[in-house]
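Take a look at the structure below.
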Amino acid sequence: MQFVISSQIRAGRGALGWSASHLAEEAGLSLRTIQTAEAEDGHKKIRKSSILAIQAALEAAGIEFIGTPEDGPGVRIRTSPPKP
């Protein structure tokens, strides 16, 4: 499983127009955890469960993570619900 990286978290949040505080609330985490995750290589300093919570919150809001951390990491906004 690939984990999202800091730039994808920032991009996803920005695409939704969410503040860091709003993402923290949606992910059930502290604002400080979001700030750390968004810092360059900060995601390496927090628990994997926190990264997964951030990823899940953004995905639930319609963000799709594309590429890999090494090759073309990015985000796109899903315009329709995911297929089961």
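The values are calculated or read from the model by the stated rules, or taken from the named source; none is laboratory data. All figures in this text were calculated on a predicted structure; none of them were measured in a lab. With ideal geometry, Cβ positions are generated from the backbone for all residues, glycine too; neighbour counts draw on all protein chains shown. Quick note on the areas: whole protein, heavy atoms, side chains included, nothing else; ligands and nucleic acids left out. Shrake-Rupley method; radii C 1.70, N 1.55, O 1.52, S 1.80 Å.
Could you look at the chain and say what percent of its accessible area is carbon and sulfur, using a 1.4 Å probe and all protein chains? Display every interim value, and only then the final one.
Working: 2590 of 5110 Å².
Solvent-exposed carbon and sulfur of the chain make up 51 percent of the total.
For the range 1-58, rounded, prolate or oblate, judged on the Cα gyration tensor with a ≥ b ≥ c (square roots of eigenvalues), a/c < 1.5 rounded, else prolate if a/b > b/c? The partial results should precede the final answer.
On the way: a/c = 1.35, a/b = 1.23, b/c = 1.09.
It comes out rounded by the Cα gyration axes.
Test of understanding: what is the full-extension gain from T68 to A39, defined as 0.36 nm times their sequence separation minus their Cα-Cα distance?
Working: separation 29, 0.36 × 29 = 10.44 nm, distance 1.82 nm.
Stretched out fully, the T68 to A39 stretch lengthens by 8.6 nm.
What nm value, rounded to one decimal, do you get for the distance between S49 and H22 when each label is placed 7 Å out toward the C-beta?
2.7
Ignoring ligands, DNA and RNA, what accessible area per residue does the chain give at 1.4 Å, in Å²? Provide the component values of the computation, followed by the final result.
On the way: 5110 Å² over 84 residues.
Each residue of the chain exposes 61 Å² on average to a 1.4 Å probe.
Search the structure for amide H atoms under 5 Å from the amide H of I63, placed 1.01 Å from N in the peptide plane, and list their residues when 5 or more places away or on another chain.
Close amide H contacts, sequence-distant or interchain: R78.
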